[in-house]
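Student: Encoded as C-alpha cells, here's the structure I'll be asking about.
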Amino acid sequence: MYGYYGKYLDVDLGAETSRAVAIDESVFRAYIGGGGLGTWLLSRLVPPETGAYAPGNALIFAIGPFSGTSVPTSGRHQVVSVSPLTGIFAESDVGGRWGSAFQATGYDALVIHGASRKPVTLILDGHDLRFEDALPIWAADTFATDEHFKSRFPASETACIGEAGEKLVRIACIMHDGRHARPAGRCGLGAVMGAKKLKAVVVIPSSSIRKRIFDEASLKASTLKTAGELPVKAVNLAKYGTIGTIGGAQAFGDLPVKNWQLGSFDEATFRISGQNLVESGRLVKKYFCKSCTIGCGRTVMLSDGRPGAGPEYETAGMYGSNCLVDDIDAIIEANELANRLGIDTISSGAAIAFLMEAFERGELKGQELEGLRPEWGKGEILVKLVGMIGTKQGIGVLLGEGVARACATIGDPGYAIHTKGLEFPAHDPRAFGSMGLSYATSNRGACHLQSMSYNFEKSLTMPESGFDLPQDRFGTERKEEFVVRTQDLMSLIDSLKLCKFSMFGGVRAEKALEWLRAITGWDMGMEEFLQAGERIFNLKRYYNTELGVTRKDDSLPERITDEVKGGGTGDYLPPDLDASLDRYYRLRGWDDNGIPRREKLADLGIELIRKP
C-alpha cells in the first residue's frame, strides 16, 4: 500500500498490552486519514453511551497520507475522543513536530483505551512500545515533562499533560513541542489523558521506517515549488504570525471585545498585536512546525528575560480584547502559564471574560472570591485567574468546568458565549454571515476551523465547488451551500494532514488531490475526493446524534443573534438561524431535526453504529 502503513497500534492501559491492528485500504480511500480516520475508529470502538472519563473511551492520535512526505505544512496530526467539556464528539488538529515523529513508527494511528491504576507514560520507540512509571513526573509541568524526555531521548517528541489535565480540569489540553507549545487545545482532551492516568506519549522516530510513495519524483517537483511560494504569498503570517491579524480582525468587526459586547478595541488593538511584538523588540525568533516554510510561530521574551512561546491570535483575542486587557506582557505571561499548566487559552479566556461580566453585574451569587476583584482590563487578575483555573483553586474550579457549566452557578446564559458547550473562538458571526450557521452546526461545538468560511468571505475561493470568487460576507445567496462545502473541504484538509494556512499560499483542492494521487497511486477524481470530506463530516454528525445531539443543539447565544455591536459590523446580525438550518439540513440530506437520514448514510457508505 502506498501512502499508508495500513495499521494502527491499539493500547490497553489497564492491562498494559498493545497490538497492531490492520486497516484495509478501502478505509483510507473512504476516510483519508487524520480526522477522518480518527472519527472512523472512534465510531467503531467507542459506543456512544461511553462517558468521556470512562475507561472505554478511546484517545486516538492519527496522521494522514501527507505525513512524512515532502508536502509543505504537513507536519500535523489529529487527536479524537469524546469530550469531557461537551460530552460529544471531540477532535483537535495539532501542528508542531509530534505527528511527523509518529509517522516514523510505522503506524497510521495510535488508539489508547482503558485506564492505568497509576501514572504511566507510553514510550513508542520505532515499532516498539513500552510502559513506564510516570509517578516521579506526575506533578511536573508540560515544559519540564518535555525536557525530561528530551534529555533522555534527544530525538524524541512528547505529547503530555500538565497539572490541569492531571486534576481533570475540563478545559485541559494536550501539549506538544515543549516551550514552543503546540496544543491539542480544544474540547478538554488533556482531561481524558488525566482520567487514564496517562502523563505523556513519547515518540522516538526510527530512521529506517518510511512509508512508500507511488511517484516521489513528481511529488517532490510539485511540492518544492509550492514550498517556495508559501512564505511569499502568506507574507503577513510569516512576518507577524497569527497575532499579526489582530488589526484586520478589528477592522472587520471580527475581534471579540468585552465578552462580545463591543465593536472595537480602538487604539488598544495595536498594543496586543504581532506588529507590536516586532516593533517593541519582544519577538526573539520565528518557530516553524515540521515541513513548514511559513513559520507563523513566535518565540518572545518574557518579562524576566526568558524566552517563551508567543501568543497566537486566538489567545490575544480571548485574553486581550475580550477581557479588555491591553497589556501585551500580561497576555504573554498568562499564555506562558496556560501552556505550562496545560489549559486551553480560548476556553479559559472566555471563562474569565464571563466571570468579569458576572462580577460587573453583581451576579456571582455568593461565590467566595477571597478578596479577588475580577475587573475588566486588569492584566494581573488575568494571570492570577489562569493560574487558579489550571491548578483548580478557588473560583478557578468553577471556571475550569467551562462557561456552559459555570453559568448554571453564576451569571446568566444570555452572555455565556458557547455552542454545544464549547466556547466561541475569537471570531464573531456578526462580522461574517456564514459563521453563525457554521458555529451552530460544527460537530465539536463553536469552531471557526471546522469550516473557515469567513476566510472565503474575505479572499479565498472554491472553484471546485462552484464558488469562483470570494463571497459577500453580508450576502445571503447560496450561503447554506457555501457552509456545507467549506465544512466538507476542511474535513478533508484535517484528514490529509495539511495546515489550513497553506490555502493562503494558493493550495486548493485540485493541488491537494494531485499530491494525494502522487502519494497513493489512486485514480481518484475530484467528485470522489470531495465526497470523502462529506462522508467524514456526516459520520461526525451521525455519532453526535447517537449521543442525543439534535436541532435544539444547533444554536447560538442571544448576544450574538440579538445584540448589535457596531464597529466593523455596523448593525449587522447573523441571518435567521431557523430558516438557515431548514435549508442546510435539506442540502445535507438530514431530517428536520438535524439527524442524517438512513438513505443518506447508505449513499455515503457509512455503516450504522447501532445495528437494527
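A quick yes/no check of all residues on (1) under 19 Å from the mean Cα position of the chain (by Cα); (2) open to solvent by 20 Å² or more (accessible area, probe 1.4 Å); (3) among the basic types (Lys, Arg):
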{"site": "430", "(1), (2), (3)": "no, no, yes"}
{"site": "440", "(1), (2), (3)": "yes, no, no"}
{"site": "471", "(1), (2), (3)": "no, yes, no"}
{"site": "481", "(1), (2), (3)": "no, yes, no"}
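Student: Can you list the strands (runs of 3 or more DSSP E) found entirely within segment 274-331 that contain at least 2 residues being surrounded by fewer than 20 Cβ atoms within 10 Å (Cβ to Cβ)? Let's see the steps before the verdict.
Tutor: Working: elements: 283-287, 297-301, 307-309.
In segment 274-331, 283-287, 297-301 are the strands (runs of 3 or more DSSP E) which contain 2 or more residues that are surrounded by fewer than 20 Cβ atoms within 10 Å (Cβ to Cβ).
Student: Same structure, new question: Restricting the search to segment 549-569, which residues are within 16 Å of residue 261 (Cβ to Cβ) and in a loop (DSSP other than H, G, I, E, B)?
Tutor: So the first thing to find is which residues in segment 549-569 are within 16 Å of residue 261 (Cβ to Cβ), and the list is 556-569.
The answer is 556, 557, 563, 564, 565, 566.
Student: Tell me the residue from 222, 208, 218 that is in a loop (DSSP other than H, G, I, E, B) and open to solvent by 10 Å² or more (accessible area, probe 1.4 Å), please. Can you show your working first?
Tutor: Values: 222 fails: in a loop (DSSP other than H, G, I, E, B); 218 fails: in a loop (DSSP other than H, G, I, E, B).
Every option except 208 fails the conditions.
Student: Tell me the residue from 479, 500, 458 that is touching a helix residue (DSSP H, G or I) at 6+ places or on another chain (Cβ under 8 Å) and farther than 25 Å from residue 232 by Cβ, please.
Tutor: On the way: 500 fails: farther than 25 Å from residue 232 by Cβ; 458 fails: farther than 25 Å from residue 232 by Cβ.
When all the criteria are applied, what remains is 479.
Student: Let me ask another. Quick test for you: out of 129, 45, 59, pick the one residue that is closer than 24 Å to residue 545 by Cβ and open to solvent by 10 Å² or more (accessible area, probe 1.4 Å).
Tutor: None of the others qualify; the one that does is 45.
Student: Same structure again: Got at least one residue in segment 340-352 being in contact with a Leu (Cβ under 6 Å, 6 or more places away or on another chain) and crowded, with 23+ Cβ neighbours inside 10 Å?
Tutor: The answer is yes; a qualifying residue exists.
Student: Another one. Which of the residues that make up segment 138-155 are under 15 Å from residue 175 (Cα atoms) and part of a helix (DSSP H, G or I)?
Tutor: Of everything in segment 138-155, those that are under 15 Å from residue 175 (Cα atoms) and part of a helix (DSSP H, G or I) turn out to be 142, 143, 144, 145, 146, 147, 148, 149, 150.
Student: In segment 400-416, which residues are open to solvent by 10 Å² or more (accessible area, probe 1.4 Å) and either farther than 25 Å from residue 262 by Cα or not in a helix (DSSP H, G or I) (or both)?
Tutor: First, the residues of segment 400-416 that are open to solvent by 10 Å² or more (accessible area, probe 1.4 Å): 401, 404-405, 407-409, 412-414.
Scanning segment 400-416 gives 401, 407, 408, 409, 412.
Student: Would you check if residue 536 is touching a residue at least 12 places away in the same chain (Cβ under 8 Å), among the aliphatic types (A, V, I, L, M), over 28 Å from residue 185 (Cα atoms) and not in a loop (DSSP other than H, G, I, E, B)? Talk me through it step by step, then tell me what you get.
Tutor: On the way: touching a residue at least 12 places away in the same chain (Cβ under 8 Å): yes; among the aliphatic types (A, V, I, L, M): yes; over 28 Å from residue 185 (Cα atoms): no; not in a loop (DSSP other than H, G, I, E, B): yes.
So residue 536 fails the test.
Student: Please verify whether residue 449 is in a helix (DSSP H, G or I) and of a type outside the set (Asp, Glu), treating the condition exactly as stated. Write out each step before concluding.
Tutor: Numbers: in a helix (DSSP H, G or I): no; of a type outside the set (Asp, Glu): yes.
No.
Student: Does residue 88 count as of a type in the set (A, V, I, L, M, F, W, C) and open to solvent by 10 Å² or more (accessible area, probe 1.4 Å)? Even if it seems obvious, please write down each step before you answer.
Tutor: On the way: of a type in the set (A, V, I, L, M, F, W, C): yes; open to solvent by 10 Å² or more (accessible area, probe 1.4 Å): yes.
When the stated conditions are applied, residue 88 passes them.
Student: Ok, one more. Of these, 368, 360, which one is loosely packed, with under 15 Cβ neighbours inside 10 Å and either part of a helix (DSSP H, G or I) or under 20 Å from the mean Cα position of the chain (by Cα) (or both)?
Tutor: Values: 368 fails: either part of a helix (DSSP H, G or I) or under 20 Å from the mean Cα position of the chain (by Cα) (or both).
Criteria check complete, one pass: 360.
Student: Can you give me the number of residues within segment 582-612 that are touching a Phe, Trp or Tyr at 6+ places or on another chain (Cβ under 9 Å) and not in a loop (DSSP other than H, G, I, E, B)?
Tutor: 6
Student: Give me the pairs: first residue in segment 216-228 and among the basic types (Lys, Arg), second residue crowded, with 16+ Cβ neighbours inside 10 Å, beta-carbon distance under 7 Å, and six or more apart or on different chains, which are they?
Tutor: Every condition considered, the pairs that remain are 220/70.
Student: Separate question: Kindly list, by first and then second residue, each pair from a residue in segment 347-373 that is in contact (Cβ under 8 Å) with a residue 12 or more places away in the chain and of a type in the set (Gly, Ala, Ser) to a residue that is open to solvent by 10 Å² or more (accessible area, probe 1.4 Å) and assigned to a loop (DSSP other than H, G, I, E, B), limited to pairs with Cβ atoms under 6 Å and residues at least 6 apart or on different chains.
Tutor: 358/364
Student: Quick check on segment 291-307. Is at least one of its residues at positive phi and within 22 Å of the chain's Cα centre (by Cα)? Break it down stepwise before answering.
Tutor: Narrowing segment 291-307 to residues at positive phi: 291, 295, 305.
Adding the requirement that they be within 22 Å of the chain's Cα centre (by Cα) leaves 291, 295.
Checked segment 291-307: at least one residue is at positive phi and within 22 Å of the chain's Cα centre (by Cα).
Student: Regarding residue 96, is this residue touching a Cys at 6+ places or on another chain (Cβ under 6 Å), touching a residue at least 12 places away in the same chain (Cβ under 8 Å) and open to solvent by less than 10 Å² (accessible area, probe 1.4 Å)? First the steps, then the outcome.
Tutor: On the way: touching a Cys at 6+ places or on another chain (Cβ under 6 Å): yes; touching a residue at least 12 places away in the same chain (Cβ under 8 Å): yes; open to solvent by less than 10 Å² (accessible area, probe 1.4 Å): yes.
Against the criterion (touching a Cys at 6+ places or on another chain (Cβ under 6 Å), touching a residue at least 12 places away in the same chain (Cβ under 8 Å) and open to solvent by less than 10 Å² (accessible area, probe 1.4 Å)), residue 96 qualifies.
Student: Would you check which residues across segment 6-26 are open to solvent by less than 20 Å² (accessible area, probe 1.4 Å), closer than 15 Å to residue 109 by Cβ and part of a loop (DSSP other than H, G, I, E, B) and list them?
Tutor: Listed by number, the residues that qualify are 6, 23.
Student: Now a separate question. Could you please give the count of residues in segment 9-56 that are within 23 Å of residue 165 (Cβ to Cβ) and not acidic (Asp, Glu)?
Tutor: Kept after step one, since they are within 23 Å of residue 165 (Cβ to Cβ), are these residues of segment 9-56: 9-16, 18, 34-35, 38-39, 41-42, 45-46, 50-56.
Those still in the list that are not acidic (Asp, Glu) too: 9, 11, 13-15, 18, 34-35, 38-39, 41-42, 45-46, 50-56.
Adding up the residues that qualify gives 21.
Student: Anything in segment 455-485 that is closer than 16 Å to residue 580 by Cα and assigned to a loop (DSSP other than H, G, I, E, B)? List them, or say none.
Tutor: First, the residues of segment 455-485 that are closer than 16 Å to residue 580 by Cα: 473-485.
Result: 473, 474, 475, 476, 477, 478.
Student: Does segment 445-472 hold any residues that are in contact with a Ser or Thr (Cβ under 7 Å, 6 or more places away or on another chain) and among the small types (Gly, Ala, Ser), and which are they?
Tutor: Listed by number, the residues that qualify are 445, 446, 451, 453.
Student: Moving to a separate point now. Out of everything in segment 156-194 that is of a type in the set (A, V, I, L, M, F, W, C) and either open to solvent by 10 Å² or more (accessible area, probe 1.4 Å) or part of a loop (DSSP other than H, G, I, E, B) (or both), what residue ends up being nearest to residue 289 (Cα to Cα)? Working first, answer last.
Tutor: Step one: list which residues in segment 156-194 are of a type in the set (A, V, I, L, M, F, W, C), which gives 159-161, 164, 168-169, 171-175, 181, 184, 187, 189, 191-193.
Imposing the further condition that a residue be either open to solvent by 10 Å² or more (accessible area, probe 1.4 Å) or part of a loop (DSSP other than H, G, I, E, B) (or both) reduces the set to 161, 168-169, 171, 173, 181, 187.
Details: 161: 20, 168: 28, 169: 28, 171: 24, 173: 19, 181: 11, 187: 22 Å.
Ranking the candidates gives 181 first.
Student: Let me ask another. Considering each residue of segment 539-548, count those that are of a type in the set (Lys, Arg) and in a loop (DSSP other than H, G, I, E, B), and give that number. Write out each step before concluding.
Tutor: Here is the first cut: in segment 539-548, the residues of a type in the set (Lys, Arg) are 540-541.
Adding the requirement that they be in a loop (DSSP other than H, G, I, E, B) leaves none.
Final tally of qualifying residues: 0.
Student: Still on this structure, I have one more. Would you mind finding the one in 397, 383 that is within 28 Å of residue 158 (Cα to Cα), open to solvent by 20 Å² or more (accessible area, probe 1.4 Å) and out of contact with any helix residue (DSSP H, G or I) (no Cβ under 6 Å at 6 or more places or on another chain)?
Tutor: Values: 383 fails: out of contact with any helix residue (DSSP H, G or I) (no Cβ under 6 Å at 6 or more places or on another chain).
None of the other options fit; the residue is 397.
The values are calculated or read from the model by the stated rules, or taken from the named source; none is laboratory data. Model, not experiment: these values are computed from the prediction. Don't worry about glycine lacking a Cβ; one is built from the backbone with ideal geometry, like all the others, and counts go over all protein chains shown. The area values use the complete protein model at the heavy-atom level, side chains included, leaving out ligands, DNA and RNA. Shrake-Rupley method; radii C 1.70, N 1.55, O 1.52, S 1.80 Å.
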